[in-house]
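What follows is a short report on a single structure.
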Amino acid sequence: MTSSGSPTVLHSDEGVIETSYSCVVVRGNDLGDLISVAPADNTLVTVPPPDDEDGSSDLWVQTADQWGPFSVTTRLWDMAPPDAGEEWEDVVEVSVTSTTGLSATELVDNDPQIVLTPEPGQYRVRISARGRRVRDLDQADDLDDLDDLDADLPPKEWYLLEAWSAPPTDPTVVRLTSPYAAQVLNPPPRLVIPEGEAGLAAAARIGRDVDGTPGARTLSGKTGSVRVERTIRGTRRRLFNLCAHVGSWSHVWLGLPSWSHMSGPGWDKAGGTETWTYSDDSRDQLTGHGAVRTRFLVLESPSRAVKTWNWVRRVGDRGPSPLLPESANDVLAEDSTFSVDLAQSRDDEGEPRTTITITHEGLPVEWLDDMETYWAYQLSIADHAGLGVPT
């Protein structure tokens, strides 16, 4: 590589990455070794603990949205490039040593591979990001005119990864000015959810029944339904995906992930595959140490969604996690049915409001009070957290 004159791009690549893990991963080509150190007190770059004795690891570029899509552009320069433009809100530089070259990719599938450096070496890598903002669970984002859930979404965040040959030096935070970085570094006061403790207590009682632990209630087999309604700020187009997929929004209040889920292709389509959600050791214990199994029956954006809903309990001890179908039994003899309807209106100031109506049918009569309390608690989180309001 040359050492004088104007910097020149030797190699560039670009692509779009979708994931479930809130990161774009930089790793060695062909899973080769990578060694790097992230700066302290930054929200953009993380180097997880090494898996091997030689200290090699990945480098994670932390995204604000969990899923994406994320637009990723890579450039290899022959010398240090010009400073990152002001359009890039978050910029961090690190030194990376790679035995096989570097690519940006997805954490688990390792696909696509967007090549950053084709050859091994010692590099300075600048990671620049824009579009990182706090979305909570707002899947619809700001696409207020999106009716088709199958439509290809445009990128939610943009990342530029630039590398040039350089000996290792200390990592540097150039700037962290995105809304996401501001909230992480200076978190707002904890939400006050008046229905919170009652909702968690109701969830714990149902989780105890699912687990069959001391104090568990015997289910008679009789069923009934609950209906909960609340009007909150925001448009129904913005809230639809959020409400259609609701299982738990507890983490928005508790500050930690509450439920996880596993799913296969088509899980977000009517008649598609099942989704399994499980709470493990979260304070929201609606699933106990089992899971909730759902499948969409109706998806009518932006007004209505219907899905089957059943609890499953573990067979034997608590392992494995996540719970697998072969190690679980249904709690309810027949699936219950969860429906959510959204109706839009405007308040006296002309601001949009959405009335969310949750109807849950086919529930054990022993659980009716608890499930009514639980759904009221979830809608309270959506209201107080402003999940329908642009951030």
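When a footprinting reagent is the concern and you count Cβ atoms within 10 Å, what order do Thr177, Thr357, Thr169 take, fewest first?
Least crowded to most crowded, the residues run Thr169, Thr177, Thr357.
Taking the Cα centre as origin and putting +1 on Lys and Arg beta-carbons and -1 on Asp and Glu beta-carbons, what dipole magnitude results for the chain, to the nearest 20 debye?
Dipole magnitude for the chain comes out near 960 debye.
Listing Tyr21, Tyr374 from the residue with the fewest other Cβ atoms within 10 Å to the one with the most, what is the order?
Lowest count first: Tyr21, Tyr374.
Quick check: net charge around Asn110, other residues with Cβ under 11 Å of its Cβ, Lys/Arg +1 and Asp/Glu -1?
-4
Sorted from fewest to most neighbouring beta carbons within 10 Å, what does the list Leu242, Leu153 look like?
If I rank by nearby Cβ atoms, fewest first, I get Leu153, Leu242.
Determine ³J(HN,Hα), in whole Hz, for all residues of the stretch 115-123 in sequence, where each value follows from phi through the Karplus function 6.51 cos²θ - 1.76 cosθ + 1.60 and θ = phi - 60°; x replaces Gly and Pro.
Ordered by residue, 3J(HN,Hα) equals 5, 9, 10, x, 10, x, x, 9, 9 Hz.
Helix 368-384 versus the longest principal axis of the chain: what is the Cα-based angle in degrees, 0 to 90, to the nearest 10?
That helix lies at roughly 40 degrees to the long axis.
Between the stretch 61-130 and the stretch 361-377, how far is it from one alpha carbon centroid to the other, in angstrom?
48
What residues qualify as long-range amide H neighbours of Asp78, i.e. H under 5 Å apart, gap of 5 or more or another chain, H built at 1.01 Å from N?
Residues meeting the criterion, in which the H sits 1.01 Å from N, are Thr8, Leu10.
So what's the back-of-envelope 222 nm ellipticity for the chain, counting only DSSP H runs of four-plus at -39500 (n - 2.57) apiece and dividing by all residues, rounded to 500?
Value at 222 nm, helices only, nearest 500: -4000 deg cm²/dmol.
Quick check: net charge around Asp335, other residues with Cβ under 11 Å of its Cβ, Lys/Arg +1 and Asp/Glu -1?
Spelling it out: positives minus negatives among the neighbours equals -1.
Once you've got the GNM for the chain with C-alpha springs shorter than 10 Å, pick whichever of Pro167, Pro214, Pro120 has the biggest mean-square fluctuation.
Pro214
Rank Asp65, Asp209, Asp30 by mean-square fluctuation in a GNM of the chain with C-alpha springs under 10 angstrom and give only the top-ranked residue.
Among Asp65, Asp209, Asp30, the largest mean-square fluctuation in the Gaussian network model of the chain belongs to Asp30.
Read the figures in this text as sums done on the coordinates, not as results from a lab. What you see is a predicted model; the values in this text were computed from it and never measured. All Cβ positions, even for glycine, are placed from backbone atoms using ideal geometry, and neighbour counts span all protein chains on display.
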